[in-house]
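Throughout, read-outs are computed from the coordinates displayed, never taken from laboratory work. Everything quoted here is computed from the prediction, not taken from an experiment. Cβ placement follows ideal geometry from the backbone for every residue including glycine, while neighbour counts extend to all protein chains displayed.
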Amino acid sequence: MEEVGWTKRWRAMWTKGYHRDHLLWVMMSYFIDFAEYQDTKIFWPAAGKRIRVERGQHLFSVRELSKFLGAGHQQIRTRLDVMKDIEFSTHQPTHRYTILTVLNYSKYQDVPEHKKHSDQHSGNTAVTQPPYYKEGKEEKNNTPLPPKGGNAVAEIEILKTRYPHPEIIESGLSAIASTRKANKVAYSVILTTLQLWDKEPVEKVEGGIGEFISRNYAADGKSERYLLAMIKNHRPKAPGQTPGFVPIAVAPPEFKG
């Protein structure tokens, strides 16, 4: 693995908003920089043999990468799954190592006339503001900003994927937001709420939210703690039945950074 030279970046990494998840951003940059530029074989001591690594791939272990980036093992695995979902990369884990493939690596790293491109780019004095922001602190399309230094965005979306009826989850989060004066709720509250729900069976979560909504408890000021208690005490219906809940027209929850 060479530590000299240069690599190119996708400008879409900015416009897609990946920089909002700091660990995701660092990992994407890491794999672009340290992917092999040509096919090679690398001796991996834990496997006791040389491993074939193709152009655009990187051989690593979650444990070593965790130490290098100062992040937990599960945080690393979560971002690897996110990168797969956004079609940035694929990875093949084994018990001793993982091989990650940066998709479209050659498409971007093989651009000819690099010097010409660099000269043209250096002549651009205007800086394009990412579309997520307007002047000041206003957010485009009311898109919420994540907490400072947080990696909440990807974690929130991942936590939502376990539910077969996402409309129930969204209505539950909207109901929580409606208990605030400004109808807004912090990212940290949403993340903590979903993490607590993640400890309960899916049927109890969806059923408890359905009961909470149908009885309009949010209008009485009962917030996420009361809802969590209902989830814990909820008795799911027979297998195969969906929660007795019809989603109501509630605006999506607004977040505050």
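Cβ crowding within 10 Å ranks 155, 64 as 64, 155, fewest other Cβ atoms first.
Cβ-to-Cβ counts within 10 Å put 95, 58 in ascending order as 95, 58, the fewest first. For the range 47-63, putting each phi into the Karplus relation 6.51 cos²θ - 1.76 cosθ + 1.60 with θ = phi - 60° gives couplings of 8, x, 7, 7, 9, 6, 10, 8, 4, x, 10, 9, 9, 7, 10, 4, 4 Hz, in residue order, rounded to whole numbers and with x for Gly and Pro. Over 31 Å between Cα atoms: which of 67/181; 84/199; 49/199; 160/184; 41/107; 8/67 fall into that group? Table pairs above 31 Å Cα-Cα are 67/181; 49/199.
The Rg/Rh ratio for the range 12-109 is 0.96, where Rg is the radius of gyration of the alpha carbons and Rh is the Kirkwood radius.
Mind sorting 42, 32 by how few other Cβ atoms lie within 10 Å of their own Cβ, fewest first? Present the calculation step by step, with values, prior to reporting the outcome.
Working: 42 16, 32 21.
Final ranking by Cβ density, sparse to dense: 42, 32.
Separation of the range 22-85 and the range 181-226 by C-alpha centroid, Å? For the range 22-85 versus the range 181-226, the Cα centre distance is 37 Å.
In this structure the amide hydrogen of residue 53, modeled in the peptide plane, comes within under 5 Å of the amide hydrogens of 40, 41, 42, none closer than 5 places in sequence on its chain. Using the Cβ-Cβ distance between residue 19 and residue 229 with R0 = 41 Å, the FRET efficiency computed as 1/(1 + (r/R0)^6) comes to roughly 0.60.
Residues whose amide H comes within less than 5 Å of that of residue 185, counting only those at least five positions distant or on another chain, are 254, 255, 256 (H built at 1.01 Å from N in the peptide plane).
Across the range 193-205, rounded Karplus estimates of 3J(HN,Hα) from the backbone phi angles (6.51 cos²θ - 1.76 cosθ + 1.60, θ = phi - 60°) give 4, 5, 5, 5, 5, 5, 7, 9, x, 4, 4, 6, 5 Hz, Gly and Pro being marked x.
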